[in-house]
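A short worksheet on the structure shown next.
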Amino acid sequence: MSAAPAPVIAIDGPGGSGKGTVAEQVAGQLGWHLLDSGALYRLVGLAAGGRGVALDDAVAVAAVAADLDVSFLSGKGGDTRILLSGVNVSGAIRTEAAGAAASRVAALPAVREALIARQRAFRRPPGLVADGRDMGTFIFPDAGLKVFLTASVEERARRRHNQLKQKGIDVSLAALSRDMAERDRRDSERSVAPLRPAADARVLDSTGMPVESVVKAVMGWVAETWPDAVSNPRTGGAASGLTE
Ligand code: DC
């Protein structure tokens, strides 16, 4: 008889909804593994660009996705360094250009297919918190808890603007808001695994909510779903994984 698969919390939503931060904090509190699936699509975009592959060449981009040479090194304090073919790309995958490239390659069915097994391999005891667009609908349809986190496009653009400003990157709020709406459209309208809440997801609109309140709401649902996980967390922060 095989053991029950490790529990999964799927946190999906559009860019800037805060799902990366929330997933990281929930995983940290529980001591569960973390998967930031968006980072994989960002890595594919970056690797394809680095090899001179056109982002609309589905066959070539899928080949890049299939043999992505990536390592996730978890440091103390939960920060993760991401190496692509041995080069630290932790900063490079977070730019707006990398996000736009990720959204384009993510629309290619063959690329999504090439990343399925890699994502499911993150599911290990004691549990996994997975953030993305299709965690609850497609990658982990049996997740015990599914959260769809959203916020108004204005608020999401403002949050991203503040994040970039803190990194010394100055972009106009209007341009950011426009790009974000365009990315939402592409992610929602693609034919495979589009951005949408799973039928059994709990939808949370975080507009105007501080991140601590969102984490508290999610932890409340975790406590309802797995009372033991909350009363006996694996201490020491997120066990390992891929963080935003
Ligand atoms: O969450 P993010 O901004 O890092 O994601 C970058 C892009 O990757 C996003 O525009 C859509 C795509 N993505 C996806 O299609 N499916 C996922 N599970 C995660 C991200």
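For the chain, carbon and sulfur atoms together expose 54% of the accessible surface, with a 1.4 angstrom probe and every protein chain in place. For the range 29-112, the alpha-carbon coordinates run over 40, 24, 24 Å along the three principal axes, in decreasing order. Reducing the range 23-45 and the range 163-216 to their Cα centroids gives an inter-centroid distance of 16 Å. Counting lysine pairs in the chain whose alpha carbons fall under 26 angstrom apart, excluding pairs fewer than 8 residues apart on the same chain, gives 9.
With a 10 Å radius around each residue's Cβ, average the other Cβ atoms per peptide and rank 21-31, 157-167, highest first. Don't jump to the answer; show the numbers that get you there.
Values: 21-31: 23.5, 157-167: 15.1.
Per-residue mean Cβ counts within 10 Å order the peptides as 21-31, 157-167.
Of the whole protein surface, Asp142 contributes about 90 Å² of accessible area at a 1.4 Å probe radius. Counting every pair of alpha carbons in the range 8-231, the share spaced more than 32 Å apart comes to 14 percent.
At 1.4 Å probe radius, can you tell me the per residue accessible area of the chain in Å²? Let's see the in-between values first.
Working: 11180 Å² over 244 residues.
Roughly 46 Å² per residue, with all protein chains present.
The values are calculated or read from the model by the stated rules, or taken from the named source; none is laboratory data. What you see is a predicted model; the values in this text were computed from it and never measured. Positions of Cβ are generated from backbone atoms using ideal geometry, with glycine treated the same way; all protein chains shown enter the neighbour counts. These accessible areas exclude ligands, DNA and RNA; they are computed on the full protein's heavy atoms, side chains included. Shrake-Rupley method; radii C 1.70, N 1.55, O 1.52, S 1.80 Å.
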